[in-house]
Amino acid sequence: MFEKEIAFIKELYKKEQIALHEPCFGEEEKTLLNECIESGFVSSVGKFVGEFEEQIKKFSNAKYAIATNSGTSALHIALLANKIDEKCEVITQALSFVATANAIAYTGAKPIFLDVSLKTLSLSARAVSEFLAKNAFVKNGKCFNKHTKKHIKALVLMHTFGLSGEIVELKKICEKYHLIFIEDAAEALGSFFQNKALGTFGKCGIYSFNGNKIITGGCGGVVLTDDEKIAKRARHLSTTAKIPHAYHYKHDTLGFNYRLCNVNAALLVAQMKKLNAFLIDKRNTAKLYKEFFKESEFCEFVNENEGEKSNFWLCALKFKKPSLRKEFIKVCLANQIFVRPVWKSLAGLKMYQNCQKDTLKNTKILEKTLLNLPSSVRA
């Protein structure tokens, strides 16, 4: 069983051992890394950090970019910059990497876990609309939870696997209920909806540059925003809230040591120059997967939807039965092909079991049937 599928993936990558998603480095990364080391500026001060921020601004067309040491810290800072705290609740999706919920929890706010769309794999606008109609009310331009009486202040959409979430519908809901719209675009660098970069539709958006992302500095993240006030606050909070001075150390609030290091930025500067080529390569891989699996009796390829251009960070399959996915994983691993089932529902994790949630009908289906295929750059 699955002999054809195994043969196809092996031919696609032409390797004995096939990773889920590995970085692609070359001589330019080594050159800039050596330049960084020789400069002596290897921490949060150095030319590559600023250069990388400029590259990201140009690529995304965002007005401001604040580089951080991870996507998680970027989301944490984005939430703090929008004054999310323990008096707040934040709506997000149950199907996501744990960092989405953790960043919310770091602020003291409580996440509300709602269902995803089977079409986009991301937060369902219908689920959000139904939850708010039943459980919330607006007073003096603020949205409150009928049961907890807390301020539902923001909504965090995570663009799953680089596929676009229901941006238009969710933005309308946020406007109606006075919610701050924030994008967790950790997986979506290079993805576009209606020719606009994911991560630039909300008050803030974030990217991640972890080792498994399209480009990487080994670590890294960035906060994107068009709001100057938010940008200044995000930068201040991410640099230990230190007031600029030639030699004195003075800090005016609780800050965080989240600034991206120059060493990691040097790698990212080199990687950014290859991003467009990586995106072309990954879309070609997705096209080949889509063609191969279009007649499959076991599963269907998860494709982009109308109006979007996905980075296809991780290609995915939806299996018709959980048992088929289980067998496919077993066969792949036996052949040194590393695939990955989607995350477990965040609402089921021990630390989040007491958070509010809806039925999570689609989430429960996907966590049993969704699988990621090897998706590394092949060039």
| note | Expressed in Å to one decimal, the Kirkwood Rh of the range 191-316 from all distinct alpha-carbon pairs is 17.4
| request: Could you order peptides 247-255, 286-294, 96-104 by the average number of other Cβ atoms within 10 Å of their residues, highest first? | output: 96-104, 286-294, 247-255
| task | Would you kindly find the accessible area of residue 144, with a 1.4 Å probe and non-protein molecules such as ligands, DNA and RNA excluded, rounding to the nearest 10 Å²? | result | 50
| Setting aside same-chain residues fewer than 8 positions from residue 134, which aspartates and glutamates have a Cα under 12 Å from its Cα? | 358
| request: Give me the orientation-averaged projected area of the Cα convex hull of the range 52-170, in nm², one decimal. | output: 8.1
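Quick one: if you take sqrt(5λ) for each eigenvalue of the C-alpha gyration tensor of the range 260-322, what semi-axes come out, biggest first, whole angstrom?
Working: eigenvalues 200, 35, 20 Å².
The equivalent ellipsoid of the range 260-322 has semi-axes of 32, 13, 10 Å.
Students often check this: by mean Cβ neighbours within 10 Å, which of 214-221, 350-357, 30-37, 152-159 ranks highest, and how do the rest follow? Don't skip to the answer; put the middle values down first.
Details: 214-221: 24.5, 350-357: 14.0, 30-37: 15.8, 152-159: 27.2.
The densest-packed peptide leads the list: 152-159, 214-221, 30-37, 350-357.
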| query | Based on DSSP, what percent of beta bridges with both residues in the chain are antiparallel, to the nearest 5? | reply | 60
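Can you pick out the pairs among 213/309; 149/350; 30/242; 150/213; 10/326; 14/326 whose Cα atoms lie more than 27 Å from each other?
Where the Cα-Cα span goes over 27 Å, the pairs concerned are 30/242; 150/213.
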| Sorted by accessible area (1.4 Å probe), largest first, how do 343, 313 line up? | 343, 313
| Using alpha carbon coordinates only, what is the Rg to Rh ratio of the range 1-57, with Rh defined as the Kirkwood radius? | 1.27
| remark: Taking a probe of 1.4 Å and leaving out DNA, RNA and ligands, the chain shows per residue an accessible area in Å² of 46
| request: Determine the alpha carbon to alpha carbon distance for each of 294/344; 4/364; 153/361; 203/232 and list only those over 22 Å. | output: 294/344; 4/364; 153/361
| query | Which Cα, out of 102, 90, 62, lies furthest along the positive dipole direction of the range 38-109 (beta carbon charges, K/R +1, D/E -1)? | reply | 62
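Two decimals, Cα atoms only, Kirkwood Rh: what is Rg/Rh over the chain?
0.98
The values are calculated or read from the model by the stated rules, or taken from the named source; none is laboratory data. Note that this is a predicted model, so its numbers are computed, not measured. Every residue, glycine as well, gets a Cβ built from its backbone with ideal geometry; the counts of neighbours run over all protein chains shown. Remember, those area values only see protein heavy atoms, side chains included, never the ligands or the DNA or RNA. Shrake-Rupley method; radii C 1.70, N 1.55, O 1.52, S 1.80 Å.
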